[in-house]
Amino acid sequence: MNIDRIGLIAGKKEINSEDLRYLLTLSGEDMKRLFEISAAIKKEYVGNVVYYRGLIEYSNRCSKNCYYCGVRVGMKQLHRYKLSDEEVLEAAKFAWQKRYGSIVIQGGERADKGQVANITRLLQKIHQETNNELHITLSLGEQSEETFRIWKENGAHRYLLRIEASNEELYRKLHPQDEHHSFAKRIKSLEALKKLGYQVGSGVMIGLPFQTIDDLVQDLLFLKEFDIDMNGMGPYIEHEGTPLYKYRHLLMSKDERLALSLKMVASLRILMKDVNIAATTAMQTLAPDGREQALAVGANVVMPNLTPVKYRKDYQLYEDKPCLDEEAEQCASCLENRIRSIGNEVGYGQWGDSRHYTSKNS
Ligand code: SAH
Ligand code: SF4
């Protein structure tokens, strides 16, 4: 066993690509040891507290055509929806009354004036009706700096924009070759968000076709170099109606993808000790307790789904997305029990800002 080497890496000031490659290739008892160490680091740096972000899947209308995604514009048969203001407000108030502390408004990418105005109005209304007590995260794709600024001024605190794959060559294989899907534009958006003072979230998909372990090592180093505050990494899950589906023979098994995703979470916790890391819904697709497994090895955020049930089947970014028919309440209470079962508690009534962000800005 290489217990010493894992511990030594965890204690290093400058963890390098060789160290990360080593962590990501562990198996058996060594992998378990990695998970013990990452769990201990989580406890020491951010505590065994899990923060809820109520997820509101605002709209599946999207102007982009990412090759992996089930709501891409090329999905011609898909019923397209947008929640009404009342539906969003109801979900936000549910989160507030249940003392979630924070919500995420996520949806397809649209940059038209209507979208900018809709989100601005929703931000204002949510803050008014929840006594300014909720922290709001947006995840609505790439936007101009001006749009990011308007939304920030109207009360958006955080923004999630995954880099998806930090290797530009791999990124190109996952997206059409046009100016709407350029890697440079994605980076520019992340830079604008940082400059404007958002708490910035990013992340990648794990187990993509053509992706190597070295790509994942570089992904971890990218998140570190970009000094990301919040991380959402999850397994890539194939979707039958998408162009990437034809490469499914290149994929790892679901068990391997889950193990690799857990190693990514654990390695990131070791690399960036005080950041927020989400246990993503895609983890739950690979195993019913996939999110709890991620929480047990270093993640500290979950996003209970608050989208009205009738829309959920239309927001399937990938296949077998869980909780398609559960109402918000049911999802939340079973989740709390599961979080307790791994010795963590829920941080009710707390914003759960990334400690990484607050210590940088204090
Ligand atoms: N439109 C916005 C936000 C919604 S998509 C954006 O793209 O940033 C949110 C995330 O879903 C994406 O960042 C992507 O990482 C993830 N996703 C999309 N398709 C997926 C798939 N097939 N498997 C796993 N994750 C997927
Ligand atoms: Fe649209 Fe986001 Fe899906 Fe790409 S990943 S098609 S931007 S919803």
When region 18-55 is checked residue by residue, the ones that are surrounded by 15 or more Cβ atoms within 10 Å (Cβ to Cβ), under 30 Å from T307 (Cα atoms) and not hydroxyl-bearing (S, T, Y) are K42, V46, N48, V49, V50, R53, G54, L55
Is it true that some residue in region 238-260 is small (G, A, S), part of a strand (DSSP E or B) and at pLDDT 95 or above? no
Regarding I15, is this residue open to solvent by less than 30 Å² (accessible area, probe 1.4 Å), in contact with a Leu (Cβ under 6 Å, 6 or more places away or on another chain) and part of a loop (DSSP other than H, G, I, E, B)? yes
Index of the failed condition, S182 passing every other in (1) surrounded by 18 or more Cβ atoms within 10 Å (Cβ to Cβ); (2) within 23 Å of R72 (Cα to Cα): (1)
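Which of the residues belonging to region 208-237 are within 15 Å of ligand 1 (Cβ to nearest atom), of a type outside the set (A, V, I, L, M) and either over 27 Å from Q77 (Cβ atoms) or open to solvent by 30 Å² or more (accessible area, probe 1.4 Å) (or both)? Full working, then the answer.
As a first pass, look at region 208-237 and keep what is within 15 Å of ligand 1 (Cβ to nearest atom): 208-211, 215-216, 219, 222-223, 228, 230-237.
Retained after the next criterion (residues that are of a type outside the set (A, V, I, L, M)): 209-211, 215, 219, 222, 231-232, 234-236.
Correct list: F210, Q211, D215, D219, F222, N231, G232.
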Tell me which of these Q77 doesn't satisfy, since it passes every other one: (1) away from ligand 2 (no atom under 14 Å from the Cβ); (2) more than 23 Å from V301 (Cβ to Cβ); (3) at pLDDT 95 or above. (3)
Identify the residue in region 138-159 that is within 16 Å of ligand 2 (Cβ to nearest atom) and buried (at least 23 other Cβ atoms within 10 Å of the Cβ) and, among all such residues, is nearest to S182 (Cα to Cα). Q143
Return the pair list, or none, for Cβ contacts closer than 9 Å from residues in region 314-325 that are at pLDDT 80 or above to residues that are open to solvent by 50 Å² or more (accessible area, probe 1.4 Å) and within 13 Å of ligand 2 (Cβ to nearest atom), at least 6 apart or on different chains. D314/R80
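The values are calculated or read from the model by the stated rules, or taken from the named source; none is laboratory data. Treat the numbers as computed from the prediction; the structure is a model and nothing was measured. In this analysis, Cβ positions are derived from the backbone assuming ideal geometry, glycine residues included, and neighbour counts consider all displayed protein chains. Ligands, DNA and RNA are stripped out before the accessible areas are found, and what is left, the full protein with its side chains, is counted by its heavy atoms. Shrake-Rupley method; radii C 1.70, N 1.55, O 1.52, S 1.80 Å.
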